[in-house]
Amino acid sequence: MKAIVQREYGSTEVLQLEQIDVPAIGAGDVLIRVRAASINQADWFLTTGTPLIARAAFGVRRPKLPVRGQDVAGIIESVSPDVSSFRAGDRVYAEVPAGSFAEFVAARAGDVAMMPRTISFEQASTVPLAAGTALQGLREVGCLDARTGGCGARVLINGASGGVGSFAIQIANALGAEVTAVCSARNAEQAFALGAARVIDYAVEDFTRAGDKHDLILDLVGNHPVRALRRALARTGTLVLASGGGGRILGPMGRIIGALVSAPFVSQQVRVLSATPSAARLDALTELIDSGAVSPQVERVYPLEQTAQALRDFVEQHARGKLVIAVSP
Ligand SMILES: NC(=O)c1ccc[n+]([C@@H]2O[C@H](COP(=O)([O-])OP(=O)(O)OC[C@H]3O[C@@H](n4cnc5c(N)ncnc54)[C@H](OP(=O)(O)O)[C@@H]3O)[C@@H](O)[C@H]2O)c1
């Protein structure tokens, strides 16, 4: 099969199109014929092997899992004999540890869900990691809930026009929040269209100095110190850190450790989001999408052969929504 393979760490030139064997599936696995995959920040981290601390898990000298890609939408090709939840022909989506920039990918059946009925494979491939992160950050870590109001209804999303942010605006809205979106002026119109009540252009206004208080801040950028973010929080508000900025060695770890150390001494909640795959979360997202409350935003679609270019574009230009790799028709 065709796959985008990486034999060493480096910039996007290490991503090569190769012919390799179709992955074997083990107990509890399914094999998915990939129709579409999408680009995430995680693909850049794995390509470059940064922050360096992450190589302890990815592989010290070279990536342990050489085929890139974590988001997949496709069709079940085969299932392990012990799997009864799916059968060949099912239209599914999932977040996998690696391997979706390829014609076939193996996945744990427990991480796979039936994809929404109302959207294309290309749209579905944008959902697992980005929308999963947004839902986990807002509802589980940030305790926002439509029924109870969670920790409050005034939600600010810093980094609201990218992959995670464009889902976060819509999900927060669906959970009953009033959303302030922070992004560039170029993307303000999209943020309003997705349901933001207010949009702040970060080039013009620093929301941490505006004096407004928010019950929940989801930080997807990491460009403000935690103490500045806390200034924009209500007294009992919650700050969810999903991105820490940071350097080449420790990445966001320094900032996260600092935030956690100060957490017991402040009335506000400071929490760190470490996104994890979950089929139950995907089922919740399927419902939100099929009900029309959430709509995936695809900026551009590339063929598998242009995956390196897609990753370059993701890193160099600010995407509006998600970049997608169309793998097979
Ligand atoms: N913690 C976790 O488990 C987890 C999981 C997934 C993702 N993440 C992190 O979440 C972050 C966002 O991921 P993504 O896929 O959404 O990235 P993305 O698509 O590149 O989006 C980045 C967003 O940041 C905005 N931005 C850039 N500079 C900004 C600034 N100075 N102030 C405010 N917004 C700014 C961009 O807005 P404009 O384009 O309008 O400039 C865009 O909306 C990444 O850092 C990623 O590593 C964390």
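The values are calculated or read from the model by the stated rules, or taken from the named source; none is laboratory data. As the structure is a prediction and not an experimental result, all values here were calculated from the model. Virtual Cβ from ideal backbone geometry, glycine too; neighbours counted across all protein chains shown.
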* Asked: Quick one: is G89 modelled with pLDDT under 95 and at positive phi?
  -> no
* Among the residues of segment 277-321, count how many are among the hydrophobic types (A, V, I, L, M, F, W, C), at pLDDT 95 or above and part of a loop (DSSP other than H, G, I, E, B). => 2
* **Given (1) surrounded by fewer than 20 Cβ atoms within 10 Å (Cβ to Cβ); (2) more than 8 Å from the ligand (Cβ to nearest atom), number of the condition I217 does not satisfy** => (1)
* Structure fact -> The residue from S184, S243 that alone is in contact with a Pro (Cβ under 8 Å, 6 or more places away or on another chain), hydroxyl-bearing (S, T, Y) and either closer than 23 Å to A42 by Cβ or in the same structural domain as A54 (by TED's automatic domain parsing) (or both) is S243
* Confirm whether G222 is within 14 Å of the ligand (Cβ to nearest atom), of a type outside the set (S, T, Y) and either surrounded by fewer than 18 Cβ atoms within 10 Å (Cβ to Cβ) or at pLDDT below 95 (or both). => yes
* Which of the residues belonging to segment 43-83 are out of contact with any helix residue (DSSP H, G or I) (no Cβ under 7 Å at 6 or more places or on another chain), among the hydrophobic types (A, V, I, L, M, F, W, C) and within 21 Å of Y9 (Cβ to Cβ)? -> L52, A56, A57, V60, L65, V67
* Only one of T133, T180, T126 that is touching a helix residue (DSSP H, G or I) at 6+ places or on another chain (Cβ under 8 Å), at pLDDT 95 or above, closer than 17 Å to G292 by Cβ and within 13 Å of the ligand (Cβ to nearest atom) -> T126
* Looking at this structure, is Q6 at pLDDT 95 or above and surrounded by fewer than 16 Cβ atoms within 10 Å (Cβ to Cβ)? -> no
* In this structure, does D313 turn out to be touching a Lys or Arg at 6+ places or on another chain (Cβ under 8 Å) and loosely packed, with under 15 Cβ neighbours inside 10 Å? -> no
* To do: Run down G26, G99 and say which single residue is part of a loop (DSSP other than H, G, I, E, B), crowded, with 19+ Cβ neighbours inside 10 Å and either at pLDDT below 95 or out of contact with any Asp or Glu (no Cβ under 9 Å at 6 or more places or on another chain) (or both).
  => G99
* Test each condition in (1) under 23 Å from L282 (Cα atoms); (2) within 14 Å of the ligand (Cβ to nearest atom) for L156 and report the one that comes out false. => (1)
* Flag if E178 is farther than 30 Å from V112 by Cβ, over 15 Å from the mean Cα position of the chain (by Cα) and free of Cβ contacts under 8 Å to residues at least 12 places away in the same chain -> no
* Answer with yes or no whether R55 is among the basic types (K, R), assigned to a strand (DSSP E or B), over 17 Å from A308 (Cβ atoms) and under 23 Å from the mean Cα position of the chain (by Cα). => no
* Test each condition in (1) farther than 30 Å from E140 by Cα; (2) not in a loop (DSSP other than H, G, I, E, B) for V324 and report the one that comes out false. => (1)
* Asked: Of everything in segment 136-147 that's part of a loop (DSSP other than H, G, I, E, B) and in contact with a strand residue (DSSP E or B) (Cβ under 9 Å, 6 or more places away or on another chain), which residue is nearest to the ligand (Cβ to nearest atom)?
  -> G142
